[in-house]
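Worksheet: one structure, shown below.
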């Protein structure tokens, strides 16, 4: 039986990214188990890690395979302490492949994430009657995900507009709902069914991010049939196009990132800052051009269902490992 030794380690010492690695792990392991891989074989020569570069700790004497991702164009020194000891790096997007290829002479290969397309079935959105048009954002409470930018533009443009509302969904300590006029912040812990319902209660998904390794919530929104607006940058470009989403431009700027394992420390990275006026224009376009927005959303849903389903992602991952792992044994492991 084909086998790997799955390493249990902290998902990510950087704040708010644990869910992404947990989701990647579950998606890929399901694909391996369908193909009869033994993923808990401690005797396997292949140690497998789902974590950030900073969380990666190679197992000595084994071939270490790292599934990881990144959200900016370069990786600071302290985030890549052991990256050079990965025998194979697997990433979800072409953007991540370009970033990681700068720091290793070993292979960096792509195996995309997938969406639970059985839960996120396509549903055509009609213009609402008797209620406000709902713009929806969903993600981790990390400023990189775009919620701060979205609140800024909402407060300056839409906060007193009764015909629309903004619903922001994240999860953090406190677990409550807060409302300010036509803006709702929901930080409750919800089960999957209630979370999915929020997508179907919405009319447009807005995601003005500042860098994404993949962009799972955007892919889920597309799968569900929501018209989507997003920054034209990084990992989301692997599953979006101008035919499937409404893009927002950006300018590169420095921003500070706090290290969770050392809260007093920050590093400076260059990240895309979305053009908020373009985002406003895109939101108004969706409201005023329902037929075109619906056509765009249908194309987006088809893209995800055809090419980025959970089953498809797992199968591609299994095929990649079967093809690539034997090649590693031709050289000694880097973490000797």
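The values are calculated or read from the model by the stated rules, or taken from the named source; none is laboratory data. Values in this document were obtained by computation on a predicted structure and should not be read as measured data. Note that each Cβ is placed from the backbone with ideal geometry, even for glycine, and that neighbours are counted across all protein chains shown.
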(message) If I filter segment 61-85 down to residues being closer than 23 Å to residue 322 by Cα and touching a helix residue (DSSP H, G or I) at 6+ places or on another chain (Cβ under 9 Å), which single residue comes out as surrounded by the most Cβ atoms within 10 Å (Cβ to Cβ)?
(response) 66
(message) Which count do you get for residues in segment 50-69 that are under 18 Å from the mean Cα position of the chain (by Cα) and not in a loop (DSSP other than H, G, I, E, B)?
(response) 3
(request) List the number of the failed condition for residue 57; all other conditions in (1) more than 28 Å from residue 239 (Cβ to Cβ); (2) free of Cβ contacts under 8 Å to residues at least 12 places away in the same chain hold. (result) (2)
(message) Can you pull out every residue in segment 70-94 that is in a loop (DSSP other than H, G, I, E, B), more than 26 Å from residue 316 (Cβ to Cβ) and touching a strand residue (DSSP E or B) at 6+ places or on another chain (Cβ under 8 Å)?
(response) 74, 76
(request) Enumerate the pairs (first residue in segment 85-96 and at positive phi; second residue anywhere and buried (at least 24 other Cβ atoms within 10 Å of the Cβ) and part of a strand (DSSP E or B)) with beta-carbon separation below 7 Å, excluding pairs fewer than 6 apart on the same chain, so at least 6 apart or on different chains. (result) none
(message) Conditions first: (1) part of a loop (DSSP other than H, G, I, E, B); (2) modelled with pLDDT under 95; (3) in contact with a strand residue (DSSP E or B) (Cβ under 7 Å, 6 or more places away or on another chain). Residue 25 passes all but one, so which condition is the exception?
(response) (1)
(request) Those residues that are touching a helix residue (DSSP H, G or I) at 6+ places or on another chain (Cβ under 9 Å) and either part of a loop (DSSP other than H, G, I, E, B) or surrounded by fewer than 14 Cβ atoms within 10 Å (Cβ to Cβ) (or both), I need them from segment 95-104; list them, please. (result) 103, 104
(message) Looking only at segment 105-117, filter to residues that are more than 20 Å from residue 21 (Cβ to Cβ) and in contact with a helix residue (DSSP H, G or I) (Cβ under 8 Å, 6 or more places away or on another chain); which one of those is surrounded by the fewest Cβ atoms within 10 Å (Cβ to Cβ)?
(response) 107
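Residues are listed down the side, and each one gets a yes or a no for (1) free of Cβ contacts under 8 Å to residues at least 12 places away in the same chain; (2) buried (at least 19 other Cβ atoms within 10 Å of the Cβ); (3) touching a helix residue (DSSP H, G or I) at 6+ places or on another chain (Cβ under 6 Å):
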position: 246; (1), (2), (3): no, yes, yes
position: 271; (1), (2), (3): no, yes, no
position: 299; (1), (2), (3): no, no, no
position: 320; (1), (2), (3): no, no, no
(request) Need at least 3 residues that are in contact (Cβ under 8 Å) with a residue 24 or more places away in the chain, surrounded by fewer than 24 Cβ atoms within 10 Å (Cβ to Cβ) and outside the structural domain of residue 23 (by TED's automatic domain parsing) per element, so show me which strands (runs of 3 or more DSSP E) inside segment 134-222 make the cut, counting only ones lying wholly within it. (result) 164-169
